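> Have a look at this one.
The values are calculated or read from the model by the stated rules, or taken from the named source; none is laboratory data. Predicted, not measured: the structure shown is a model, and the values here were computed from it. Please note: Cβ atoms are built from the backbone with ideal geometry, for glycine as well, and neighbour counts cover all protein chains shown.
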Amino acid sequence: MGTLHDPIVKIELFPVFIPFKDYIRDMLQGGSGKVAMGLKVDDHWLGADFLVCRMTTEGGVVGIGDAYVWLVESAASPAMMADVIRDHLARFALGRSAFDRELIHDKMDNNVARNEMAKGLLDLALYDVAARTINRPVHDLCGGKQLDRIPLGMVLPLTDVDTIRQLGGLGLQAGVRSFRCKLGVGAHKDVEIIAAVRNLIGPEAGLRVDYNQAYSPNEALAAIEAIAPYRIDYAEQPVKSDDFAGMAWLQSRTNVPLMAHEGAFGLRDIVTLAEMGAVRTFGINPERPGGMTAGLKAIDFAAAKGLDVVLHNQPSGIGSAVILHMHAARARNIRHATELQGHIMMEDDLIKDEIVYEDGFAHLPEGPGWGVELDMDAVDKYQVHPTTVIEA
């Protein structure tokens, strides 16, 4: 433990790449396109890039955070984020207390436009430092936990129907009761997939779909209406992420709630989409719209507007712990199951002790901060670029 006013004196950034497990790689390359979803990318999806942050105070308290970074969606790479943190953002955290998060955010926003993920990464580490300083879990800084076990959903890749059905069956056996189907290669195939999954999981299980920006607004309307009879909880990002007008047009013509994910990067995006009537649900990753600080504001805003949120990502163990703390602290405003795929997909999760997943739930980690410890041996193994060290 340190004192409340201990300043941050060092920030370390570790860019790492963690390969997917062999069977996950085979599945992703054997499905639709090169990533088993409706994206027209040129490279196979072979693993996950992360930027890990370790932050140290003058009193020796160490906090951690990380960001899952995929250039296809994030508009940034770990190296780009490390550069903007080193050259422009770190100075607003160095020399200040981890409890000065709102002031630090104000400084970052006034001096650097957008870059929500880079700012969010620092914010996550600040939360861990602050909580460890007072020897409390992060959720205690956010109003306290509302539950100990977080319900989980499962993502089903865009591949052949037999494989999708087999994976869904494994999810049911593991206690999962909410499923997200990747769609986007045409309304006929979409219906074939949804019909098979709904028949497998039964009428009461949650069923959501994700188009990954596959369609134009007209195509999306036809595709969504075709699957609407199968009781869809929401349809994620059916059109391009920056087509806010297209989302608004589409939502005005379908009763299926639309969800913005790639298009809801910052708080301003979320407010604008809501005011346009373009969505009924938001997808939130912890590192966007700007860490725990902005993520909690986004959830509270959505609740005030009567909108839903979904927490999901392919995180490391650090990011999974972050999402679990966020869900636990705002559970009354989150009615959809959270999705955590990283521990399923990747060959390592960068933490020393595993998070407990059982019966379709994840257990909230116990202990100070995020309740997990960074495995530096794993960081050393998977690190792909030199460490960036910034000191006061």
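> Wholly within the stretch 305-392, which helices (runs of 4 or more DSSP H) include no fewer than the required count, namely at least 1 residues that are closer than 17 Å to Gly63 by Cα?
Numbers: elements: 317-329, 342-345, 376-382.
Hits in the stretch 305-392: 317-329, 376-382.
> Could you list, in sequence order, the residues of the stretch 362-378 that are hydrophobic (A, V, I, L, M, F, W, C) and surrounded by fewer than 20 Cβ atoms within 10 Å (Cβ to Cβ)? I'd like the intermediate steps shown before the answer.
Our first condition is that a residue be hydrophobic (A, V, I, L, M, F, W, C); within the stretch 362-378, this holds for 362, 364, 370, 372, 374, 376, 378.
The one that is hydrophobic (A, V, I, L, M, F, W, C) and surrounded by fewer than 20 Cβ atoms within 10 Å (Cβ to Cβ): Met376.
> If a residue has to be surrounded by fewer than 24 Cβ atoms within 10 Å (Cβ to Cβ) and touching a residue at least 60 places away in the same chain (Cβ under 8 Å) to count, how many in the stretch 273-293 make the cut?
Count: 1.
> Here is a further query. Please enumerate the residues belonging to the stretch 92-147 that are in contact (Cβ under 8 Å) with a residue 60 or more places away in the chain and of a type in the set (D, E, K, R).
Arg96, Arg101, Glu102, Arg114, Glu116, Lys119, Asp123, Asp128, Arg132, Arg136, Lys145
> Quick check: is even one residue across the stretch 57-77 in contact with a Pro (Cβ under 8 Å, 6 or more places away or on another chain), farther than 16 Å from Leu122 by Cβ and hydrophobic (A, V, I, L, M, F, W, C)?
Within the stretch 57-77, none of the residues are in contact with a Pro (Cβ under 8 Å, 6 or more places away or on another chain), farther than 16 Å from Leu122 by Cβ and hydrophobic (A, V, I, L, M, F, W, C).
> Of these, Ala278, Ala298, which one is part of a loop (DSSP other than H, G, I, E, B) and not β-branched (Val, Ile, Thr)? Can you show your working first?
Working: Ala298 fails: part of a loop (DSSP other than H, G, I, E, B).
Sole residue among the options that is part of a loop (DSSP other than H, G, I, E, B) and not β-branched (Val, Ile, Thr): Ala278.
> Among the numbered criteria (1) buried (at least 20 other Cβ atoms within 10 Å of the Cβ); (2) more than 13 Å from Ile194 (Cα to Cα); (3) at pLDDT 95 or above; (4) among the hydrophobic types (A, V, I, L, M, F, W, C), which one does Ala222 miss?
It is condition (1) that Ala222 fails.
> Tell me the residue from Ala125, Ala130 that is buried (at least 22 other Cβ atoms within 10 Å of the Cβ), out of contact with any Gly (no Cβ under 7 Å at 6 or more places or on another chain) and at pLDDT 95 or above, please. If you could, list the steps in order and put the result at the bottom.
On the way: Ala125 fails: out of contact with any Gly (no Cβ under 7 Å at 6 or more places or on another chain).
That would be Ala130, the only listed residue that is buried (at least 22 other Cβ atoms within 10 Å of the Cβ), out of contact with any Gly (no Cβ under 7 Å at 6 or more places or on another chain) and at pLDDT 95 or above.
> Which one of these is within 21 Å of the chain's Cα centre (by Cα), within 22 Å of Glu339 (Cβ to Cβ) and assigned to a helix (DSSP H, G or I): Ile227, Ile270, Ile194, Ile284? Don't jump to the end; show me each part of the working.
Values: Ile227 fails: within 21 Å of the chain's Cα centre (by Cα); Ile194 fails: within 21 Å of the chain's Cα centre (by Cα); Ile284 fails: assigned to a helix (DSSP H, G or I).
Residue meeting the stated conditions: Ile270.
> Does the stretch 152-175 contain any residue that is among the acidic types (Asp, Glu), assigned by TED's automatic domain parsing to the domain that holds Ala223, over 28 Å from Gly367 (Cα atoms) and buried (at least 20 other Cβ atoms within 10 Å of the Cβ)? Lay out the reasoning, then the answer.
First, the residues of the stretch 152-175 that are among the acidic types (Asp, Glu): 160, 162.
Still in the running and assigned by TED's automatic domain parsing to the domain that holds Ala223: 160, 162.
After this cut, where a residue has to be over 28 Å from Gly367 (Cα atoms) as well, the list is 160, 162.
Cutting the leftovers down to buried (at least 20 other Cβ atoms within 10 Å of the Cβ) gives us none.
No, there is no match, as no residue in the stretch 152-175 is among the acidic types (Asp, Glu), assigned by TED's automatic domain parsing to the domain that holds Ala223, over 28 Å from Gly367 (Cα atoms) and buried (at least 20 other Cβ atoms within 10 Å of the Cβ).
> Right, another one. What are the residues in the stretch 70-83 that are in contact with a helix residue (DSSP H, G or I) (Cβ under 8 Å, 6 or more places away or on another chain) and either surrounded by fewer than 24 Cβ atoms within 10 Å (Cβ to Cβ) or not assigned by TED's automatic domain parsing to the domain that holds Phe99 (or both), if any? Give the derivation first.
The first filter runs over the stretch 70-83 and keeps only residues in contact with a helix residue (DSSP H, G or I) (Cβ under 8 Å, 6 or more places away or on another chain), leaving 74, 76-77, 81.
Within the stretch 70-83, Ser74, Ala76, Ser77 qualify.
> Here's a check for you: in the stretch 158-169, which residue that is under 23 Å from the mean Cα position of the chain (by Cα) and free of Cβ contacts under 8 Å to residues at least 60 places away in the same chain is farthest from Val191 (Cα to Cα)? Talk me through it step by step, then tell me what you get.
Applying the first criterion (under 23 Å from the mean Cα position of the chain (by Cα)) to the stretch 158-169 yields 158-159, 164, 167-168.
So of that shortlist, the ones also free of Cβ contacts under 8 Å to residues at least 60 places away in the same chain come out as 164, 167-168.
On the way: Ile164: 13, Leu167: 18, Gly168: 16 Å.
This residue is Leu167.
> Ok, one more. If I filter the stretch 16-24 for residues that are modelled with pLDDT under 85, farther than 22 Å from Val129 by Cα and touching a strand residue (DSSP E or B) at 6+ places or on another chain (Cβ under 9 Å), do I get at least one hit?
yes
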